[in-house]
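The values are calculated or read from the model by the stated rules, or taken from the named source; none is laboratory data. In this text, all values refer to a predicted model and were calculated from it rather than measured experimentally. Glycine gets a Cβ as well: all are built from the backbone with ideal geometry, and neighbour counts include every protein chain shown.
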Amino acid sequence: MRKVEFSPSLMTMDLDKFKEQITFLNDKVDSYHIDIMDGHYVPNITLSPWFIEELRKVTVLPMSAHLMVTNPSFWVQQLIDLNCEWICMHAEVLDGLAFRLIDQIHDAGLKAGIVINPETPIEAIFPYVELVDKITIMTIDPGFAGQRFIESTLDKIVALRALRDEKGYDYVIEMDGSSNRKSFKRIDAAGPDIYIIGRSGLFGLDEDISKAWAIMETDYEEMTGKKISYEKVN
């Protein structure tokens with residue numbers, strides 16, 4: 001049985017308390033989720049490769065870059081140069097690029113992820129699904145925190161688990177969007193390996209990160225009947 005992992009979405013953290021919050025979370029979470037938006041693919045601009053450099057100064061945990069960009073080729077090499085452990089690209093912009101960029105990431109000894117928007121069927125990635133290390137299912141429309149949870153997207157997680165079991169694939173499945181007390185039970189039933197937790201599920205629960213985490217932990221355990229494991233994933 002795979003351990004359920006938690007990966008905070010750092011675009012929703014309190015940047016005025018950057019070191020304090022990361023120092024606390026280092027002992028709690030399995031990785032960090034860094035949204036990189038170009039203002040074109042989605043109408044927002046958030047974190048950047050520079051942020052990863054700063055994060056390296058206060059953590060040794062793996063980092064996962066979520067590229068919400070129209071030109072992933074421009075960003076992939078920058079993230080390779082920073083040795084970003086996971087580089088995740090949207091399927092919707094990969095026509096003619098998927099194999100090349102996945103190979104580029106793997107040749108650097110890093111892991112390649114694919115992100116699927118709510119309206120994109122999982123069949124869109126079938127030509128290269130056996131090559132990817134992670135598949136992220138967007139459970140909200142991409143680009144902004146705090147949007148409506150789209151429950152029908154959970155069917156994709158179920159289908160990807162079945163496909164993984166049938167074919168013997170080894171990708172992990174991640175969900176991204178509105179992971180909180182209201183949705184934990186439904187997400188748990190679908191069974192992703194990684195929960196992205198942001199403002200509604202963690203950082204917005206209390207100004208004190210230790211109190212916010214305690215609330216999140218209680219919410220998750222009450223809604224799912226499961227305890228959070230703090231054993232680190234290798």
Whichever residue in the range 173-192 is touching an Asp or Glu at 6+ places or on another chain (Cβ under 8 Å) and surrounded by fewer than 20 Cβ atoms within 10 Å (Cβ to Cβ) and, among such residues, is nearest to Lys134 (Cα to Cα): Arg186
Residue selected from the range 36-60 under the condition in contact with a Ser or Thr (Cβ under 9 Å, 6 or more places away or on another chain), within 17 Å of Leu79 (Cβ to Cβ) and assigned to a loop (DSSP other than H, G, I, E, B), by the criterion modelled with the highest pLDDT: Thr59
Odd one out for Phe74 among (1) at pLDDT 95 or above; (2) closer than 14 Å to Ile36 by Cα; (3) over 17 Å from the mean Cα position of the chain (by Cα): (1)
Subset of the range 4-35 (residues that are part of a loop (DSSP other than H, G, I, E, B) and either among the hydrophobic types (A, V, I, L, M, F, W, C) or under 22 Å from Cys84 (Cβ atoms) (or both)): Val4, Met13, Asn26, Asp27, Lys28, Val29, Asp30, Ser31
Cross-chain or 6+ apart pairs with Cβ under 6 Å, the range 54-80 first and touching a residue at least 12 places away in the same chain (Cβ under 8 Å), then assigned to a loop (DSSP other than H, G, I, E, B) and surrounded by 20 or more Cβ atoms within 10 Å (Cβ to Cβ): Leu61/Ser31; Pro62/Ser31; Met63/Cys84; Ser64/Ser31; Ala65/Cys84; Met68/Pro142; Trp75/Val69
Hits in the range 172-207 (condition: among the aliphatic types (A, V, I, L, M) and more than 24 Å from Pro62 (Cα to Cα)): Ala189, Ala190, Leu205
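Taking Gly146 as the residue in question, decide whether it is modelled with pLDDT of 95 or more and in contact with a Ser or Thr (Cβ under 8 Å, 6 or more places away or on another chain).
no
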Condition met for Asp188 (in contact with a Ser or Thr (Cβ under 9 Å, 6 or more places away or on another chain) and among the charged types (D, E, K, R)): yes
Checklist (1) charged (D, E, K, R); (2) out of contact with any Lys or Arg (no Cβ under 6 Å at 6 or more places or on another chain); (3) under 19 Å from Lys3 (Cα atoms) applied to Asp133, failing item: (2)
Hey, Ile228 part of a loop (DSSP other than H, G, I, E, B) and surrounded by 20 or more Cβ atoms within 10 Å (Cβ to Cβ) or not: no
Residue match in the range 67-74 (condition: in contact with a Ser or Thr (Cβ under 9 Å, 6 or more places away or on another chain) and either over 26 Å from Lys185 (Cβ atoms) or β-branched (Val, Ile, Thr) (or both)): yes
